[in-house]
Amino acid sequence: MEICSSELKIGEVATITSVNLDEIPLKLLEMGCLPGNSITLIQIAPLGDPLYFNVNDSHVAIRIETAREITVTKI
Amino acid sequence: MSSNPIKVALIGNPNVGKTSVFNQLTGLNQQVGNYPGITVEKKQGVCKLNENTRARIIDLPGTYSLNASSIDENVVIELLLNKNDEDFPDVAVVVTEVENLKRNLLLFTQIKDLEIPTILVINMADRMALKGIELDIPVLEKELKTKIALISSRKKTGINQLKELILNYTELSTEPCLHASSIDPDYFNNLRRAFPNQLLYKLWLVITQDVNFLNLERNEIKSSFTKSHADLKRLQQKETIKRYQFINDTLKIGQKIDVSKATDIRAKIDRILTHKIYGYVIFFGILMLIFQFLFDWSSIPMDFIDETFANFSSLAKQHLPAGEFTNLISEGLIPGIGGIVIFIPQIAFLFLFISVLEESGYMSRVVFLMDKIMRKFGLSGKSIVPLISGTACAIPAIMSARNIENWKERLITILVTPFTTCSARLPVYAILISLIIPEKRIFGFLSLQGLTLMALYLLGFGMAVFSAFLLNKYLKLSCKSYFVVEMPSYKIPMFKNVGINVLEKTKAFVTGAGKIILALSVILWYLGSHGLSDDFNNAEAIITQQNQNKTITTEAFEDQVNSFKLENSYIGYMGKAIEPAIRPLGYDWKIGIAVVSSFAAREVFVGTLATIYSVGSHSEEETTIKNKMAAEVHPETGEKIFNFATGISLLLFYAFAMQCISTLAIVKKETNSWKWPIIQLVFMSGFAYITALIAYQVLK
């Protein structure tokens, strides 16, 4: 089932199915945030934002509005 | 035989240990400067490859790719595209890290497309066994069309192999490892036909990047090959995807990872360090520790330096022949320099802590913890880096705001950063606190003076946040933005990296401030010991007349003469002229002179007072600056000048006022307009005046 990466729970592993190329910064793509790569939610900051992911072995924090533009399926 | 040095450019993502490799290659043989016209740090060094050959190594700013998003990253592209640049490398060394090889290789494939001889360094090789990573070096070398040096800058292995490869750079292949032009064959074929003599990837970079390109008229390419912004962005995305496909295919055959060993320790540590409660507790604990350290434990070397300089002064007086020149040295130069040297321990500690926080990777966690809170005030989580490093110096701090993606958040950060307590305020705070706050301890270990200092730091920080809140409300700018922060793996900071950093920064502080202070102390001394009027020249006669009917000791007589002379000197006149403006804040004219000269740089305050008081007193005994200040009394009322009310008023004034020309200059550069630094100057100094006024009037 496809969900947004922002809906993952801490520790859940998923595969990226699509990214909204109009909203996702190139820098994030360059870190490996591309369809087919794995994504894990590591931590949610206090107050619920930003989110800290392991994407394709890059450890990176993004704000929740960016995370909503990444669609994933849970493994 | 000696030949021209081989020019080497070190390129790599941030956090791959590029600086460690640089330090290993060059040792202390390095110099830090700026790129002409912009304030990006330029690090160069020399490395001896063998008896006859040297390499000149440039450490380029860290960048994720050749798609630049900041001026630091632009520097990399501009150098690599310009063959005529004197720094254009003979060989590029791309530094990667074994754990993040996949991502680091993206930049490598782009550099290869520029057809420069390229060496691939895979750093942190000592972690391979731990992480269950195996690399097939010959296969990787063949696929990536390069030579690989597997090194560990921590364990100091592999550096000689890298030197060997640099020495033989002419044998390296300059063939690209993939053909990125296949993402849009028609477009690129046309481009190739139009500019047959140019490198295709170079053309592509010129079209997509906002960089200066000397050999080609930019507009010429642009007009015939314009694509809409959206189309270009899409092509860039396609290019990135294409490169990752190649990298994935290559690593499939060249890298094996034992998944059972690949535990994500970083994630486990981060669950604690970024926890919603422990995260903050740990962060504030660290801050507390730093401040106790700064005030309490650094007093030992500071007291020592203070006394040493007082000794120097009296030694100079005793042993040099009496006269103008001796006075200049013992009353002008030595106290002036002493006023700045004394703060070396505190400043070095401060740079040490900040350097450790950044090197260890902890700073990014603080960014993550604070983002949501900071956004409420119009700042970004990334503003925390400028705000914390602003405690050392606002100038590098304002430059570090460059990686904030949103212009409004960045502008607000630049504007409020000077409120944070920089190391130049430290000398002023330190001496005032020790004069007005008793040396007591609460609970037996927390020093009251240390707590006051911490309160001042918090005040500065609070003021920064409060003005950010105001700016956010009234600045009408809408910017679409995003926020991407990499969480680097934790590393124990390497002694060499931290040491070099602390040494460089402290040196820059001392020489930079030292020059101003030296010049000012000479000028002040001259103005203080010379006067125009008859009163000044006939001081002895006038005082004798005043004391006609009294018996008076020689010493008291001399003191009276000296203070009379000072009041009638040039500086006395100037001080008296500004006195009406500063009287309501509780300052006398001597403090006024110190405050005004502080507008060049805050730390001048202590040196100025030291010089003025040295000229004023004539005692042969050694006295420290602090003792001189404590002994200063009002000539009419006999009250102490540095009483509680005046002290607090001064502390508040220095906490808020914009007294740093260099900061104003950097704000002008970073915002590209005089508007913002002028607003900063007026608002901060006005606010400082009002709060100091209120504080003095309430407390006196």
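Annotations
- Checked against the criterion of being modelled with pLDDT under 90 and within 30 Å of B:A401 (Cβ to Cβ), region B:124-134 contains one or more residues that satisfy it.
- Restricted to region B:655-692, and to residues there that are more than 16 Å from B:T413 (Cβ to Cβ), β-branched (V, I, T) and open to solvent by 50 Å² or more (accessible area, probe 1.4 Å), the residue that is farthest from the chain's Cα centre (by Cα) is B:I690.
- Given (1) of a type outside the set (V, I, T); (2) open to solvent by 50 Å² or more (accessible area, probe 1.4 Å); (3) in contact with a Phe, Trp or Tyr (Cβ under 7 Å, 6 or more places away or on another chain), index of the condition A:K9 fails: (3)
- Subset of region B:8-33 [among the polar types (S, T, N, Q), open to solvent by 10 Å² or more (accessible area, probe 1.4 Å) and outside any helix (DSSP H, G or I)]: B:N15, B:N29, B:Q30, B:Q31
- Selection count, region B:628-654, where residues are in contact with a Phe, Trp or Tyr (Cβ under 8 Å, 6 or more places away or on another chain), aliphatic (A, V, I, L, M) and crowded, with 19+ Cβ neighbours inside 10 Å: 4
- Any hit, region B:235-251, residues being among the β-branched types (V, I, T), at pLDDT below 85 and within 37 Å of the chain's Cα centre (by Cα): no
- Of the criteria (1) over 30 Å from B:K382 (Cβ atoms); (2) in a helix (DSSP H, G or I); (3) touching a helix residue (DSSP H, G or I) at 6+ places or on another chain (Cβ under 9 Å), which one B:T511 fails: (3)
- Subset of region B:476-507 that is more than 9 Å from every other protein chain (Cβ to nearest Cβ) and among the aliphatic types (A, V, I, L, M) - its residue that is most open to solvent (accessible area, probe 1.4 Å): B:I492
Rundown of residues vs (1) within 14 Å of chain A (Cβ to nearest Cβ); (2) β-branched (V, I, T); (3) in a helix (DSSP H, G or I), yes/no style:
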| residue | (1), (2), (3) |
| --- | --- |
| B:R365 | yes, no, yes |
| B:K372 | yes, no, yes |
| B:G378 | no, no, no |
| B:P386 | no, no, yes |
| B:I398 | no, yes, yes |
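Yes/no matrix, rows are residues, columns are (1) assigned by TED's automatic domain parsing to the domain that holds B:H179; (2) surrounded by 14 or more Cβ atoms within 10 Å (Cβ to Cβ):
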{"position": "B:Q245", "(1), (2)": "yes, no"}
{"position": "B:N248", "(1), (2)": "yes, yes"}
{"position": "B:K268", "(1), (2)": "no, no"}
{"position": "B:L273", "(1), (2)": "no, yes"}
{"position": "B:F284", "(1), (2)": "no, no"}
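- Which listed residue is of a type in the set (A, V, I, L, M, F, W, C), within 28 Å of B:T274 (Cα to Cα) and surrounded by fewer than 24 Cβ atoms within 10 Å (Cβ to Cβ), from B:I384, B:I442: B:I384
- Any hit, region B:128-144, residues being surrounded by fewer than 17 Cβ atoms within 10 Å (Cβ to Cβ), touching a residue at least 40 places away in the same chain (Cβ under 8 Å) and farther than 26 Å from B:D264 by Cβ: yes
Matching residues to (1) under 22 Å from B:M454 (Cα atoms); (2) modelled with pLDDT of 85 or more; (3) buried (at least 21 other Cβ atoms within 10 Å of the Cβ):
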site: B:P345; (1), (2), (3): yes, no, no
site: B:Y362; (1), (2), (3): yes, yes, no
site: B:V367; (1), (2), (3): yes, yes, yes
site: B:L379; (1), (2), (3): no, yes, yes
site: B:A392; (1), (2), (3): yes, no, yes
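- Looking across region A:30-71, the residues that are facing chain B (nearest Cβ under 7 Å) and farther than 25 Å from B:K276 by Cα come down to A:E30, A:M31, A:G32, A:L34, A:N56.
- Taken together, B:V121, B:V139 contain a single residue that is more than 22 Å from A:H59 (Cβ to Cβ) and either assigned to a loop (DSSP other than H, G, I, E, B) or β-branched (V, I, T) (or both), which is B:V139.
- Residue in region A:13-33 that is open to solvent by less than 30 Å² (accessible area, probe 1.4 Å), in contact (Cβ under 8 Å) with a residue 12 or more places away in the chain, in a loop (DSSP other than H, G, I, E, B) and over 26 Å from B:K242 (Cα atoms) present: no
- Evaluation of B:S330 against (1) assigned to a helix (DSSP H, G or I); (2) away from every other protein chain (no Cβ under 14 Å); (3) open to solvent by less than 20 Å² (accessible area, probe 1.4 Å); (4) under 26 Å from B:C660 (Cα atoms) (one fails), failing number: (4)
The values are calculated or read from the model by the stated rules, or taken from the named source; none is laboratory data. What you are looking at is a predicted structure, and each value in this text was computed from that prediction instead of being measured. In this analysis, Cβ positions are derived from the backbone assuming ideal geometry, glycine residues included, and neighbour counts consider all displayed protein chains. The accessibility values were calculated without ligands, DNA or RNA, using every heavy atom of the protein model including side chains. Shrake-Rupley method; radii C 1.70, N 1.55, O 1.52, S 1.80 Å.
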